[in-house]
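Below: one structure, written as structure tokens.
The values are calculated or read from the model by the stated rules, or taken from the named source; none is laboratory data. The shown structure was predicted, so the numbers you read here are calculated from the model rather than taken from an experiment. So basically every Cβ, Gly included, is an ideal-geometry build from the backbone, and we count neighbours across all protein chains shown. For the accessible areas, the whole protein counts, side chains as well, though only heavy atoms, and no ligand, DNA or RNA atoms are used. Shrake-Rupley method; radii C 1.70, N 1.55, O 1.52, S 1.80 Å.
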Amino acid sequence: MPSAAKLSADLRHRAAQLGFDLVGITSADPLEGAEFYARWMAHGYAGEMHYLERNSDKRADPRQLVPGARSVICVGMHYDPTEDDVDALQGRVASYALGDDYHELIKSRLAQLWQSLQDWTRPEQPKGRYFVDTAPVLERELAARAGLGWWGKNTCLISSKRGSYFLLGEIVSSLELQPDSPATDQCGSCTRCLDACPTDAFPEPYLLDARRCISYLTIELKGAIPHELRSEMGNWVFGCDICQNVCPWNHQPTAAREPSLAARPTLADRSLEGLARLNVEEFRKLFRRNPVKRPKRRGFLRNVAVALGNSGRAEAIPALVELLEHEEEPLVRAHAAWALGQLGGSQATVTLQRALVAETDPEVLGEIEAALVPAGH
Ligand code: SF4
Ligand code: SF4
């Protein structure tokens, strides 16, 4: 059995070969951040993400995931940030979601890394499991303790080498390895992320109220988006990168090495009008093996309707008319009604009046009535 130092050095080398840009090691001791996380949940900041409440004991203690665990190997894979300047009639998508779904990619690389560790330690049979966002693991806390980066005021993990545009994965194992030191917080007096957030989602530095975050609203939230936040969401239709884009540690991004994480050419044109007209089959095809399918078509078209309403452009009206008059999902019709009310004008008003007679769903009717009330009344 190689020494912990030799194994740790070989593991770093192998991780780099497998395309991981960052690698760090920490012990499998319980996490101090678990208490903070429990308070965050108790405060309601997680919104409807009730799945986060399950398995809190496992979240707090990696040894609950792998009995006898001694170490956690944390890895990061860099992806490219996308353009900042996007026309109001184009939908904006968080950079990580423009390529292929990263789960399979990172999982297969972690499987290879774990296989190497097993090969090097024969005839020992270390226990281990690997995870990518798939188990109750406080992965950011583990990665921070493993020195991959510090927990920034925007609650992203920030590396002084790589900024924050990277994806995480981890291997929990019974192997004894050499742990790294946690990274030092280098946010200093900067407040750019807090100042730039359009929905005021940070009640204080280092604390996110997910219920106000565009990522939560466009991906996790199943129902109606709160009225007071809709007009602050701009043209984001899946996720949001603003508090990362403004971070000075992301100003000189290194190019991603993994081609499958690069933006798909099929997602280069994200015309909101085109997205609003995706039928079930087209939606499935466009977002196959891509994260954007997560909110399903109804949630996604809800987001597109809000973005059209925020565009301030008359060209957005025909697509919204179609959504209000022909879309089967009441959730989408309701947001299309709101969006038409935002844009105003005679075509929007006539459509809303017509829908007021034809519509039967009480929620949609409520949105239509509200949309017909002139602003300021
Ligand atoms: Fe605010 Fe966007 Fe960051 Fe969410 S992702 S906290 S909405 S800037
Ligand atoms: Fe920290 Fe400034 Fe980056 Fe926010 S923008 S995470 S305060 S360095």
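With the cut-off at under 18 Å, measuring from each backbone N in the stretch 25-66 to a point 7 Å along the Cα-to-Cβ line of Glu232 picks out 44-48.
Loop-located trypsin sites (Lys or Arg not before Pro) in the stretch 14-119 (DSSP state not H, G, I, E or B) with no more than 16 neighbouring Cβ atoms inside 10 Å: Arg54. For the peptides 160-171, 354-365, the ranking by packing is 160-171, 354-365, with the highest mean count of neighbouring Cβ atoms within 10 Å listed first. Restricting the GluC sites (Glu not before Pro) of the stretch 11-116 to loop positions (DSSP other than H, G, I, E, B) with no more than 14 neighbouring Cβ atoms within 10 Å leaves Glu32, Glu48, Glu83. By the Cβ rule of 4.7 Å, the chain holds the following cysteines without a possible disulfide partner: Cys74, Cys156, Cys187, Cys190, Cys197, Cys213, Cys240, Cys247. Each Lys and Arg Cβ is given +1 and each Asp and Glu Cβ -1; about its Cα centre, the chain then shows a dipole of about 1120 debye.
Quick one, can you get me the convex hull of the C-alpha atoms of the chain expressed as volume per residue in Å³? Please report the intermediate quantities before stating the final value.
Details: hull volume 53.1 nm³, N = 377.
Spread over its residues, the Cα hull of the chain gives 141 Å³ apiece.
For Trp236, the residues whose modelled amide H falls within less than 5 Å of its own, excluding neighbours fewer than 5 places apart on the same chain, are Arg92. Rounded to the nearest 20, the Cβ-based charge dipole of the stretch 162-305 about its Cα centre (Lys and Arg +1, Asp and Glu -1) stands at 1020 debye. Carbon and sulfur atoms: what percent of the 1.4 Å accessible area of the chain do they account for? That fraction is 50 percent. For the stretch 223-377, the solvent-accessible area of protein heavy atoms averages 49 Å² per residue (probe radius 1.4 Å; ligands and nucleic acids excluded). For the chain, the longest principal axis of the C-alpha atoms and the axis of helix 346-358 are separated by about 90°. Taking the C-alpha atoms only, the angle from helix 4-17 to the longest principal axis of the chain is near 40 degrees.
Among the GluC sites (Glu not before Pro) in the stretch 284-350, those placed in a DSSP loop whose Cβ has at most 10 other Cβ atoms within 10 Å are Glu328.
Placing one identical point scatterer on every Cα of the stretch 106-238 and ignoring solvent, what is log10 I(q)/I(0) from the Debye formula at q = 0.09, 0.14, 0.16, 0.19 Å⁻¹? Treating every Cα as an identical point scatterer, log10 I(q)/I(0) equals -0.38, -0.80, -0.95, -1.16.
What are the equivalent ellipsoid semi-axes of the stretch 218-377, built from the alpha-carbon gyration tensor (square roots of five times its eigenvalues), in whole angstrom, biggest first?
Rounded to whole Å, the semi-axes are 31, 18, 13.
Computed about its Cα centre, the charge dipole of the stretch 72-145 is approximately 660 debye, with only Lys, Arg, Asp and Glu carrying charge at their Cβ. Think of it as helices only: each DSSP H run of n ≥ 4 in the chain is worth -39500 (n - 2.57), and spread over all residues that comes to -11000 deg cm²/dmol at 222 nm.
Any idea what the relative contact order of the chain is, in percent, if you count C-alpha pairs under 8 Å spaced at least 6 apart? Reported relative contact order: 19 percent. Taking the longest Cα principal axis of the chain as reference, the axis of helix 33-42 is set at about 20 degrees.
Does the stretch 4-151 come out rounded, prolate or oblate, given a ≥ b ≥ c as the square roots of the eigenvalues of its C-alpha gyration tensor, rounded meaning a/c under 1.5 and, failing that, prolate meaning a/b above b/c?
oblate
Projecting the Cα atoms of Val292, Gly44, Ala262 onto the charge dipole of the chain, computed from C-beta unit charges around the Cα centre, puts Ala262 farthest toward the positive end. Considering only Leu272, Leu177, Leu157, and ranking their Cα positions along the charge dipole of the stretch 135-273 that arises from unit charges at the beta-carbon of Lys, Arg, Asp and Glu, the one farthest toward the positive end is Leu272.
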